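Trainee: Before I ask anything, here is the structure I am working with.
The values are calculated or read from the model by the stated rules, or taken from the named source; none is laboratory data. Bear in mind that the values here come from a model prediction, so they are computed numbers and not experimental data. Ideal geometry is used to build each Cβ from the backbone, glycine not excepted, and the neighbour counts take in all protein chains shown. Heavy atoms of the whole protein, side chains included, go into the accessibility calculation; ligands, DNA and RNA do not. Shrake-Rupley method; radii C 1.70, N 1.55, O 1.52, S 1.80 Å.
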Amino acid sequence: MTTHHTTHQAGHPTARHAGHGPGHHCGHRTEDLDWAAIGDQLERSARVRTPFLEGAADWLAATADGEVRRVLDVGSGPGVASLVLARRFPRAGVVAVDAAPGLLARAAGLAAGEGLAGRVTTHRADLPDGLEPLGAADLIWAGQVVHHLGDQTAALAAIGRSLRPGGLLAVVEGGLGPRFLPRDIGMGRPGLQARLEAGMENVFAAMRAGLPGSVAVTEDWPALFTAAGLTPAGSRTFLVDAPAPLDDLGRGYAYDRLNRAREGLADVLPADDLEVLDRLLDEESEAGVRKRADVFCLEALTVHVGRRV
């Protein structure tokens with residue numbers, strides 16, 4: 001998690017926007033969330049990751065069996081991936097699918113702003129069973145969504161039923177979480193980000209265990225595709241590699257992720273690490289991620305593909 005601090009609502013595609021993915025809001029009811037603020041964070045995350053999205057779209061175009069004319073972006077959030085897919089597949093209609101109306105409205109606005117309103121539409125649905133009214137697709141993109149659904153194998157099977165024969169389901173899961181800082185940042189003990197990562201893995205495990213209908217599985221995605229009735233069609237990892245000094249967009253993403261870690265681990269981190277995090281999150285401090293010169297972004301995201309036969 002997506003990316004490890006998100007809205008863990010059963011069947012709620014936007015739940016993926018936390019932790020391993022763009023942003024987790026564990027423990028909050030959907031109606032209590034500030035969707036405008038979440039939309040800002042999700043859009044920053046996706047825009048920083050645009051090189052990954054574009055590389056993955058190119059790979060999927062080379063992997064597809066025939067022309068792609070219909071694409072579903074499930075758990076679309078603010079729709080940045082939908083726009084990338086629409087540009088890469090210029091003859092396709094793309095549907096941004098999410099459970100949050102506010103995020104779908106944002107996706108529609110982004111599409112209109114880029115002249116894609118005629119080809120990128122939106123649809124509100126819960127996952128994994130809300131896709132049937134949309135008909136068959138040539139490509140379904142599920143970016144850090146499936147791990148928010150209790151039975152991941154059943155979710156893959158349900159989503160895969162919306163593929164035409166030969167169509168592809170692309171699932172973004174795994175990879176390596178983002179790093180923003182050197183091992184030694186001149187404050188506190190070296191290795192802060194490694195400790196944060198370990199803590200957030202525990203948060204993620206607790207989230208998975210607490211999902212309704214949670215089923216523990218070995219996260220061998222090709223094997224999960226096979227169990228779901230799809231044929232594995234390859235896995236590939238893409239880098240987001242933005243060296244220091246980061247621009248304001250990248251710094252915003254770093255701030256968002258470190259702030260989520262600070263919130264999610266407040267009860268378990270030692271006092272010295274919390275103090276360092278507070279200094280990193282001080283927006284006026286030269287030692288904070290908004291201003292320091294050594295902030296970078298290095299992240300690896302893995303796409304697993306299954307084909308419906």
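Trainee: Test of understanding: among ARG251, ARG257, which residue is in contact with a Lys or Arg (Cβ under 6 Å, 6 or more places away or on another chain), modelled with pLDDT of 95 or more and buried (at least 20 other Cβ atoms within 10 Å of the Cβ)?
Mentor: Within the list ARG251, ARG257, the selection yields ARG251.
Trainee: OK, next. Which residues, counting only those in region 124-148, are touching a Ser or Thr at 6+ places or on another chain (Cβ under 9 Å) and at negative phi?
Mentor: LEU131, GLU132, LEU134, ALA136, ALA137, ILE140, TRP141, GLY143, VAL145, HIS147, HIS148
Trainee: Further question: Looking only at region 183-214, count every residue that is within 22 Å of CYS297 (Cα to Cα), open to solvent by less than 50 Å² (accessible area, probe 1.4 Å), in a helix (DSSP H, G or I) and not hydrophobic (A, V, I, L, M, F, W, C) and tell me the total.
Mentor: Total satisfying the criteria: 2.
Trainee: Could you tell me how many of the residues in region 261-296 are within 18 Å of ARG44 (Cβ to Cβ) and open to solvent by less than 10 Å² (accessible area, probe 1.4 Å)?
Mentor: Qualifying residue count, region 261-296: 5.
Trainee: Being in a helix (DSSP H, G or I) and within 22 Å of the chain's Cα centre (by Cα) narrows it down to one of ARG251, ARG236, so name that one.
Mentor: ARG251
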